[in-house]
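Structure first, commentary second.
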Amino acid sequence: MTVPAFVRPSEAGVLAHFTALAEQTPVPLVVYNIPYRTGQSVGAATLRRLGELPMVAGVKHAVGGVDLDTVALLADPPEGFAVLAGDDPFLSALLALGASGGILASAHLRTGEFAELFRAWRAGEVEHARALGHRLSLMSAAMFAEPNPTVLKGVLHAQGRIPTADVRLPLVPASRASVEAALRML
């Protein structure tokens with residue numbers, strides 16, 4: 001569930017919004033902290049408070065990099081609160097800092113390698129995790145050369161895994177150049 005877009009609530013408003021949802025939901029919630037989509041970032045302190053709510057299981061954290069709030073949250077997350085990478089190119093960095101995993105579009109293309117990356121960080125295989133993380137980050141970056149999911153759908157179509165690369169307006173299919181560049185990264 002994303003932070004409410006357009007109205008850009010205060011951190012207190014974000015907390016009130018998710019508290020109300022958590023009181024009514026029959027299933028655990030994952031807060032989507034994606035400020036470039038909602039116009040509102042949720043700070044580490046607010047995410048910690050959300051993580052204390054019984055029906056909030058975690059956060060998809062996609063802030064466009066590794067910022068101070070990311071480091072602070074991963075240094076001291078609430079008990080049982082999953083911090084999940086949401087920006088595909090930054091998964092390895094967040095796993096190195098202690099993230100629980102990720103919710104990643106590009107993992108559709110290299111699922112086994114993303115699972116291997118997770119296992120390598122958890123096992124302390126730093127050199128292997130670093131090398132694999134660099135490769136997957138570059139591949140992931142190629143998938144986002146145009147708005148998501150256009151390049152990903154173009155690649156899946158080119159591989160014969162889906163019947164069409166069509167997307168809903170206002171998105172348009174990715175350019176041939178972006179799809180070919182992404183295919184080369186695979």
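The values are calculated or read from the model by the stated rules, or taken from the named source; none is laboratory data. In this text, all values refer to a predicted model and were calculated from it rather than measured experimentally. Glycine also receives a Cβ, built like all others from the backbone with ideal geometry; neighbour counts cover every protein chain displayed. To get the accessible areas, we keep the full protein, side chains included, count just its heavy atoms, and leave off ligands, DNA and RNA. Shrake-Rupley method; radii C 1.70, N 1.55, O 1.52, S 1.80 Å.
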Filter the range 96-120 for residues that are closer than 24 Å to Leu47 by Cα and either surrounded by fewer than 23 Cβ atoms within 10 Å (Cβ to Cβ) or within 10 Å of the chain's Cα centre (by Cα) (or both) and give the result. Ala96, Leu97, Gly98, Ser100, Gly101, Gly102, Ile103, Leu104, Ala105, Phe118
Going through (1) under 20 Å from Leu186 (Cβ atoms); (2) among the hydrophobic types (A, V, I, L, M, F, W, C); (3) surrounded by 15 or more Cβ atoms within 10 Å (Cβ to Cβ); (4) in contact (Cβ under 8 Å) with a residue 40 or more places away in the chain one by one, Leu138 fails only at (3)
Could you list, in sequence order, the residues of the range 1-49 that are of a type in the set (Val, Ile, Thr), farther than 20 Å from Leu74 by Cβ and not in a helix (DSSP H, G or I)? Thr2, Val7, Thr25, Val27
Test Ser137 against the stated conditions and say whether it is closer than 30 Å to Glu79 by Cα, of a type outside the set (Phe, Trp, Tyr) and in contact with a Pro (Cβ under 6 Å, 6 or more places away or on another chain). yes
Mind checking which residues of the range 134-166 are assigned to a loop (DSSP other than H, G, I, E, B) and either under 15 Å from His108 (Cβ atoms) or in contact with a Phe, Trp or Tyr (Cβ under 6 Å, 6 or more places away or on another chain) (or both)? Phe144, Asn148, Pro149, Gln159, Gly160, Arg161, Ile162, Ala165
Any residue at all in the range 70-93 that's among the aliphatic types (A, V, I, L, M), in contact with an Asp or Glu (Cβ under 6 Å, 6 or more places away or on another chain) and closer than 24 Å to Thr25 by Cα? no
State whether one or more residues within the range 158-173 are open to solvent by less than 30 Å² (accessible area, probe 1.4 Å), hydrophobic (A, V, I, L, M, F, W, C), within 26 Å of Thr2 (Cβ to Cβ) and more than 18 Å from the chain's Cα centre (by Cα). yes
Quickly run through the range 79-95 and pick out the residues that are open to solvent by less than 20 Å² (accessible area, probe 1.4 Å) and under 14 Å from Ala57 (Cβ atoms). Phe81, Val83
Of everything in the range 50-78 that's part of a loop (DSSP other than H, G, I, E, B) and among the charged types (D, E, K, R), which residue is surrounded by the most Cβ atoms within 10 Å (Cβ to Cβ)? Asp67
Pair list, Cβ < 9 Å and 6+ apart or interchain, from the range 18-36 residues that are within 17 Å of Val63 (Cβ to Cβ) and polar (S, T, N, Q) to residues that are open to solvent by 50 Å² or more (accessible area, probe 1.4 Å) and part of a strand (DSSP E or B): Asn33/Thr2
In the range 16-49, the residues that are of a type in the set (A, V, I, L, M, F, W, C) and open to solvent by 40 Å² or more (accessible area, probe 1.4 Å): Ala16, Ala20, Leu21, Val27, Val30, Ala45
